[in-house]
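> Below is a structure I'd like to ask you about.
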Amino acid sequence: LDVAQDSVADWIRSLSTSAEFKIHAVDDKPADALIDVAEQTDADLIVVGNVGLQGFSRLFGSVGNDVTHHAPCSVLIVKTV
């Protein structure tokens, strides 16, 4: 998990952004991890992509679908395809 955190931190720093960020690498199902970290950090917003929100995946769930139904905060779904 340390390698994942370092990689993400390097990528965010490469964006030359002044935005404040914290990285949380979690060994869990993606939707559960996003929801848990949002609860632990009192997050205001979770941003997820729309991949898996259409077709066959929609019937059996997706990260975006699970997060929108269980998140403790607002969720923004970004068009990725």
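> What number comes out for the charge environment of residue 2, summing +1 per Lys or Arg and -1 per Asp or Glu over other residues with Cβ under 14 Å away?
Values: positive: none; negative: 6, 10, 27.
Overall, the nearby charge balance is -3.
> For a quick check: with amide H placed at 1.01 Å from N, whose amide H comes under 5 Å from residue 75's, ignoring anything fewer than 5 positions away on the same chain?
So residue 75 has HN proximity to 46.
> Another question, then. Could you give me the percent of Cα pairs per 10 Å distance bin for the range 1-50, shortest bin first, beginning at zero and ending with the bin that holds the maximum distance?
Reading upward from the zero bin: 21, 50, 28, 0.
> Once you list every other residue whose beta carbon is under 13 Å from the beta carbon of residue 42, what net charge do they have if Lys and Arg are +1 and Asp and Glu are -1?
Details: positive: 22; negative: 36, 39, 44.
Computed value for this residue: -2.
No lab work stands behind these numbers, since they all come straight from the coordinates. The structure displayed is predicted, hence computed values, not measured ones. For neighbour counting, all protein chains shown are included, and Cβ atoms are generated from backbone atoms with ideal geometry for every residue, glycine included.
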